[in-house]
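The values are calculated or read from the model by the stated rules, or taken from the named source; none is laboratory data. The structure displayed is predicted, hence computed values, not measured ones. Methodologically, a virtual Cβ is constructed for each residue, glycine included, from the backbone with ideal geometry; neighbour enumeration extends over all protein chains shown. With ligands, DNA and RNA removed, areas are computed over all heavy atoms of the protein, side chains included. Shrake-Rupley method; radii C 1.70, N 1.55, O 1.52, S 1.80 Å.
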Amino acid sequence: MITMPLRSARLGLSLLCALASTACAHTPTTRQADYYGTLEPFAREAVYFVMTDRFVNGDPGNDHRDQGGALGTFDIPLPPCNGVSGNIGYLGGDFKGLADHLDYIREMGFTAVWITPIVDNPDQRFTGGSAPTCGGILADQGKAGYHGYWGVNFYQVDEHLPSPGMDFRDLVAAMHRKGMKLVLDIVGNHGSPAWGMTFDQPKFGKIYDKDGTLIADHQNLPPQQLDPEHNPLHRFYNTVGPVDGAKGSIFDGNLAQLSDLNERNPDVLDYLVGAYLQWIDQGADAFRIDTIAWMPDSFWQAFTTRIRAKHPGFFMFGEAFDYDAARIATHTLPGHGETSVLDFPMKQAMEEVFGRKQAGFERMIPALHLTGGPYANPYELATFYDNHDMPRLDASDEGFIDAHNWLFTARGIPVVYYGSEMGFMRGRPEHGGNRNYFGTEGIAAAKASPIRAALTRIAQVRAASPALQRGLQLNLELQGNRAAFYRVYQHDGVHQIALVLLNKGDAPEHFAVQTMLQPGRWHDAIGGETLTLQAGEALHAEVPAHGVRVFLLDAQVTEPTLAAALDAAMADARRSR
């Protein structure tokens, strides 16, 4: 047996002491110091991400199965990719299907649902672009706007989503009645596909205002042929066209054939701010910002400032599809938008640790950025291991269980893509099943899955623990199949120390934790028993294969070395970025 003091040496306990200069000689004071990773209210949440059209068809009456005529938009299957067909048409998921199954989501421990964009999309399949392939992305030929990202009227809800008595406002109200929040996916840099069509298709490349008046039209012209100086309908758009990554920044040009909104036109900002304020007024609680890197930071700073002028503290997190923490962190900083972001570097690490590669927990260390990192606050990042724009996690059932045990105990706001509670379409790319329909059949199957049972257990522990939601993280051991760390929250009369022990191995592991361990009555959040520990005594725990143990101490921090390490972490959190 290797005890915790020996293992923790690998992470350099002396470094923890050095962080506080005289950490090891620290003596407790009578004050109750503040210890927290973040005070952001939204950090309490755990998010279930739903591609609305692919979740549950609650109302076949809004399917519009005859829409588009010869260019129909419903049920467009692709040739099989390794035996599984994707689909690039609408499949019927709607607000009612989501509202009818909120209990299914809530009982797992999720407190928020992120839904794909709700705005009106074109009514035909796209005739331009390139044909989808099994591993291809940004290939839109023959595709319908089932996903919602091809907005043509940002003030109008797409007709496939609402039902009588269940519009967007009703969906939000249903969620709020269950103590849940709604995260709305929004787009700021592009509209619908805009050129390369066999003919100028209705709605494609066009934008309408809240009254339904046409205010922008690409007219099926390549960006370089637009004439904003002489044609008012071209002024919403940039004229650069796609930029080859070998010749410059791809973010300076169009994304595929999508209309590229002109960030320098104040009318564009006014239009988007007005549209998205409307959805907040109808109840949206937070925004996920699509393709945030495709608009300059100055645009997002202006956007977020105006949103928060009406709704102070409104939480937003962006998608910058980049595994470089320094690059995506810029969006979190003052003057650059001041949003959170999806934690792509952590996603990359999680895929390696919990997927088929089975790297050790030490791979997590460079992705955490607990101290000295580039983010305004790493505890406010949205953490995830896959989504709709990449292959789903390719892992065993045990790999998914291990991933959720980490996701719901380590720093950050956990986000889980629909169906991952049963390993749905694991390893599948966008056109090979990633976005396939889940339905009531999927829900029934998930209820019998060991992945969902384990996820529910740890998500409910997080939902009841302020330390796991917003507490500082101090690592004791991240090596091989073993992880041990503290999460500590002490603020405004609430104080809790959590000790997390993880084992992703195939055999039980014994932990003996003594480092920075505070004496007192520790409660096992999963097993229910209580351990009363005296000063100098170690906490011994057996963690089963692919298991987790969480011990909670609801007490003010008094242990000297723990307080010193926390003081150092808080000092780092307050440094200017």
Task: Environment charge of Ile76, counting only residues whose C-beta is closer than 10 Å and scoring Lys/Arg +1, Asp/Glu -1 - done: +1
Task: FRET efficiency estimate (nearest 0.05) - Cβ-Cβ, Ala173 to Ala359, R0 41 angstrom - done: 0.40
Open item on the list: If I take the Cα coordinates of segment 281-362 and project them onto the principal axes, what are the three extents in Å, biggest first?
Closed with: 46, 27, 19
TODO: Could you order Leu214, Leu370 so the one with the most accessible surface comes first? Probe is 1.4 Å.
DONE: Leu214, Leu370
TODO: Go through Val268, Leu499, Met364 and say which Cα lies farthest out towards the positive end of the charge dipole of the chain; charges sit on Cβ, +1 for Lys and Arg, -1 for Asp and Glu.
DONE: Leu499
Task: Solvent-accessible heavy-atom area per residue, rounded to whole Å², over segment 170-222 at 1.4 Å - done: 36
Open item on the list: So, taking all protein chains as they sit and a 1.4 Å probe, how much accessible area belongs to Ser249, in Å² rounded to tens?
Closed with: 50
TODO: Taking the chain as the reference, fit the longest principal axis to its C-alpha atoms, fit the long axis of helix 297-310 to the helix C-alpha atoms, and give the angle between the two in degrees, 0 to 90, nearest 10.
DONE: 80
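Could you state the accessible area per residue of segment 78-139 in Å², with a 1.4 Å probe and every protein chain left in place?
On the way: 1930 Å² over 62 residues.
On a per-residue basis, 31 Å².
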Open item on the list: Once R0 is set to 35 Å, what does the formula 1/(1 + (r/R0)^6) return for the Cβ-Cβ distance between Lys310 and His230, expressed as a FRET efficiency to the nearest 0.05?
Closed with: 0.45
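If you roll a 1.4 Å probe over the chain with all protein chains in place, what percent of the accessible area is carbon or sulfur? Numbers along the way, then the final one.
Values: 10870 of 20710 Å².
For the chain, the apolar C and S fraction of the accessible surface comes to 52 percent.
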Task: Rg/Rg_globular for segment 344-469, with Rg_globular taken as 2.2 N^0.38 Å and Rg from C-alpha atoms - done: 1.05
- [ ] Please express the Cα-Cα pair-distance distribution P(r) of segment 127-251 as a list of whole percents, one per 5 Å bin, running from 0 to the bin with the greatest distance.
- [x] 2, 9, 15, 18, 19, 14, 10, 8, 4, 2, 0
Task: Estimated inter-spin distance, Ala256 and Asp103, nm [label 7 Å along Cα→Cβ] - done: 3.8
Open item on the list: As I understand it, the value is the acute angle between the Cα axis of helix 397-407 and the longest principal axis of the Cα atoms of the chain; what does it come to in degrees, rounded to 10?
Closed with: 80
Task: Where a label projected 7 Å from the Cα of Arg575 along Cα→Cβ would reach, residues of segment 35-71 with amide N under 20 Å - done: 35-39
TODO: Send over the semi-axes of segment 227-301's equivalent ellipsoid, whole angstrom and largest first, taken as the square roots of 5 times the C-alpha gyration tensor eigenvalues.
DONE: 25, 17, 10
Open item on the list: At 1.4 Å probe size, what's the solvent-accessible area of Asp554? Round to the nearest 10 Å².
Closed with: 110
TODO: Taking the chain as the reference, fit the longest principal axis to its C-alpha atoms, fit the long axis of helix 266-281 to the helix C-alpha atoms, and give the angle between the two in degrees, 0 to 90, nearest 10.
DONE: 60
- [ ] Above 13 angstrom, tally the Cα pairs of segment 381-421 and express them as a % of all pairs, no decimals.
- [x] 50
Open item on the list: Compute for segment 149-211: radius of gyration divided by Kirkwood radius, i.e. Rg/Rh, restricted to C-alpha atoms, rounded to two decimals.
Closed with: 1.08
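Kindly report the accessible area of segment 449-577 per residue (heavy atoms of protein chains, probe 1.4 Å, no ligands, DNA or RNA), in Å².
Counting only protein heavy atoms, the per-residue value for segment 449-577 is 34 Å².
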Open item on the list: Please report Rg (one decimal) and Dmax (integer) in Å for the Cα set of segment 38-159.
Closed with: 16.3, 54
Task: the chain, helix-only ellipticity at 222 nm - DSSP H runs n ≥ 4, -39,500 (n - 2.57), divided by all residues, nearest 500 - done: -6500 deg cm²/dmol
Task: Solvent-accessible surface (1.4 angstrom probe) belonging to Arg306, in square angstrom, nearest 10 - done: 90
Task: the chain - charge dipole about Cα centre, Lys and Arg +1 at Cβ, Asp and Glu -1, debye rounded to 20 - done: 1260
Open item on the list: Checking a compactness column here: for segment 323-391, what do you get for Rg(Cα) / (2.2 N^0.38 Å), N being the number of residues?
Closed with: 1.13
Open item on the list: Need the list of lysines near Lys181 for cross-linking: C-alpha distance under 28 angstrom, and skip anything on the same chain fewer than eight residues off.
Closed with: Lys96, Lys210, Lys310, Lys347, Lys447
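Just the C-alpha atoms of the chain: what Rg/Rh do they give, with Rh taken as the Kirkwood radius?
That ratio is 0.99, to two decimals.
Just how large is the dipole of segment 234-374 about the Cα centre, in debye to the nearest 20, putting +1 at every Lys and Arg Cβ and -1 at every Asp and Glu Cβ?
Charge dipole of segment 234-374: 100 debye, to the nearest 20.
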TODO: On a C-alpha basis, how far is the centre of segment 283-333 from the centre of segment 55-101 in Å? Whole number, if you could?
DONE: 30
